[in-house]
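Encoded as structure tokens, the structure appears first; notes follow it.
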Amino acid sequence: MWIVTSGEPLPTDPGGARLLRHGIVAAMLVERGWSVVWWTSNFDHTAKRSRHPGSSPVVEDVGPTYRIVLLPSAGYRRNVSLARVLDHRQVADSFTGAARDERAPDVVLCSYPTIELADAATRFGQRHGVPVLLDVRDLWPDIFGEALPGPMRWLARPILWPYARQGRRALSAATALTGITEPIVDWACRKAGRQRRSTERAFPLACTLPERPDVPAVRQAAQRWLERGVGADRFVVSFFGAMGAQFDFDTVLAAAQLLEHTCPQVLFVLCGQGRELERLQSHARTHANVVAPGWQGRADLHSLMHRSAAGLAPYFNEHSFTLSVPNKVIEYCSGGLPVLSSLRGETERLLASNDCGLTYAERDGAALAACIRLLFDDASLRGRLGRNALRLFNERYTAERVYGELIEELGRLAGAGGAGG
């Protein structure tokens, strides 16, 4: 089978990258006897670097039945830029050209977005009679217009119209549609212009269980955290992820300043890379309760979760995020961490109904500081929220459960009963 997804870390990336949705699915497919080809971009979206030089596809062998095809990609420095638009077109065109020379698979799993790659994958499926499952994660291109002030949105419509048309074409051509939440599946079906089918369902974001603290790599990571001042005597509030425009770090830093002298045991550990990293590191140099160590590998993040008291999800309330439960929330739950989130909508309902986190007002540093102080002062509350978070993860969000069911759906589409090529 084929996976057609760009923007995720790869198992061949250096430093032990954390695999995300389709990376985890690919590994599980191989374990279950499938042959997998993962088509993706040569450009690393998170690190903003090319994986290999040159302008031809590069094949990386992960195992005897698993290979990755890195498609030529010019790359971009800013997520919102013409260069990114051109990059996405290039990757889709490269896929169309390279796929002509390949033996058609039994089934294709493709992420949406990007719109261009989803359109190319569904066109391939139509030409070759291959079923394509489009896995919808974000509301492209709707979110671009919604990000503009109300009076300016009408200006965006003619600009975004070609992308809207291409998106509708890809969604309507898909054999089946899935998404990360039920509202997103509903959105996709509306865009496709069809009634939702009984087999079209949400498969939430999921993750694997964190490694135990006694694993050698995690023990070594624990020593590295101690050397950075992240000791057992600190009340650690952690964040890890791509430090992009979707996150409200101003509010996090405001909360840190409020707590710096009133509750000096609290330590904010903000891991990742992206446009905000330099500013966070500059703040950390002059404020002892903030650590911003940059990108961290899997063992380091697992160790950090073991020594954290809560996990931060400081999102801006864009429409697509309010319809989602981000992967970050699920990862914190996997480590038994109470979640501190600014998101309304699906995430707020999940945290409240399962008593596993606190929601604070967006752009309100005092509100976030109050939530952290509440957890600091009330160990029983903190323990209850953490236990409930881990229970929720084990019941609903393990990769084995969620992605195992997704693989069963792929087997049904392929007509192979759970094993295919």
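Some points to look at:
- Here MET28 meets the list (1) under 28 Å from GLY294 (Cα atoms); (2) outside any loop (DSSP other than H, G, I, E, B); (3) of a type outside the set (Asp, Glu) almost entirely, failing just condition (1).
- If you check CYS356, CYS333 for being touching a residue at least 60 places away in the same chain (Cβ under 8 Å) and either under 26 Å from ARG298 (Cβ atoms) or not assigned by TED's automatic domain parsing to the domain that holds PHE249 (or both), only one passes: CYS333.
- Subset of the range 78-88 (residues that are part of a helix (DSSP H, G or I) and more than 19 Å from the chain's Cα centre (by Cα)): LEU82, ALA83, VAL85, LEU86, ASP87
- Residue match in the range 100-107 (condition: under 24 Å from ALA206 (Cα atoms) and in contact (Cβ under 8 Å) with a residue 12 or more places away in the chain): yes
- VAL329 aliphatic (A, V, I, L, M) and within 20 Å of GLY383 (Cβ to Cβ): yes
- Qualifying residues in the range 217-249 (those that are in contact (Cβ under 8 Å) with a residue 60 or more places away in the chain and polar (S, T, N, Q)) - the one nearest to VAL185 (Cα to Cα): GLN246
- Residue list for the range 365-417, filter: loosely packed, with under 14 Cβ neighbours inside 10 Å, closer than 25 Å to GLY129 by Cα, touching a residue at least 40 places away in the same chain (Cβ under 8 Å) and not charged (D, E, K, R): GLY415
- Residues satisfying the criterion are present in the range 319-332 (criterion: among the charged types (D, E, K, R) and within 21 Å of the chain's Cα centre (by Cα)).
- Residues of the range 289-341 satisfying the condition of being under 19 Å from LEU368 (Cβ atoms) and in contact with a His (Cβ under 8 Å, 6 or more places away or on another chain): VAL290, ALA292
- Just one residue in the set ILE184, ILE180 is in contact with a Phe, Trp or Tyr (Cβ under 9 Å, 6 or more places away or on another chain), under 24 Å from LEU343 (Cα atoms) and of a type outside the set (Asp, Glu); that residue is ILE180.
- In this structure, GLY383 does not qualify as under 23 Å from the mean Cα position of the chain (by Cα) and among the small types (Gly, Ala, Ser).
- Residue check for ARG344: assigned to a helix (DSSP H, G or I) and not aromatic (Phe, Trp, Tyr): no
- Members of the range 9-49 that are of a type in the set (D, E, K, R), at pLDDT 95 or above and either crowded, with 22+ Cβ neighbours inside 10 Å or within 25 Å of ARG77 (Cβ to Cβ) (or both): ARG21
- Test set (1) closer than 27 Å to PRO326 by Cα; (2) in a helix (DSSP H, G or I); (3) of a type in the set (A, V, I, L, M) - ALA98 fails condition number: (1)
- Residue check for SER303: buried (at least 19 other Cβ atoms within 10 Å of the Cβ) and either farther than 26 Å from ASN388 by Cα or not aromatic (Phe, Trp, Tyr) (or both): yes
- Residues that are among the charged types (D, E, K, R), assigned to a loop (DSSP other than H, G, I, E, B), at pLDDT below 95 and more than 17 Å from the chain's Cα centre (by Cα) do occur in the range 217-235, at least one of them.
- Search result, residues across the range 181-216 that are crowded, with 19+ Cβ neighbours inside 10 Å, in a helix (DSSP H, G or I) and either among the charged types (D, E, K, R) or touching a residue at least 40 places away in the same chain (Cβ under 8 Å) (or both): ILE184, VAL185, TRP187, ALA188, LYS191
- VAL266 being assigned by TED's automatic domain parsing to the domain that holds MET305, touching a helix residue (DSSP H, G or I) at 6+ places or on another chain (Cβ under 7 Å) and more than 19 Å from TYR315 (Cα to Cα): yes
Conditions (1) modelled with pLDDT of 95 or more; (2) touching an Asp or Glu at 6+ places or on another chain (Cβ under 6 Å); (3) farther than 27 Å from ALA242 by Cβ; (4) not in a helix (DSSP H, G or I), marked per residue:
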{"residue": "ASP61", "(1), (2), (3), (4)": "yes, no, yes, yes"}
{"residue": "ARG67", "(1), (2), (3), (4)": "yes, yes, no, yes"}
{"residue": "TYR76", "(1), (2), (3), (4)": "no, yes, no, yes"}
{"residue": "SER94", "(1), (2), (3), (4)": "yes, no, no, no"}
{"residue": "ALA121", "(1), (2), (3), (4)": "yes, no, no, no"}
{"residue": "PHE124", "(1), (2), (3), (4)": "yes, no, yes, no"}
{"residue": "LEU133", "(1), (2), (3), (4)": "yes, no, no, yes"}
{"residue": "LEU155", "(1), (2), (3), (4)": "no, no, yes, no"}
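The values are calculated or read from the model by the stated rules, or taken from the named source; none is laboratory data. Being a predicted model, the structure only gives us computed values, none of them experimental. Every residue, glycine as well, gets a Cβ built from its backbone with ideal geometry; the counts of neighbours run over all protein chains shown.
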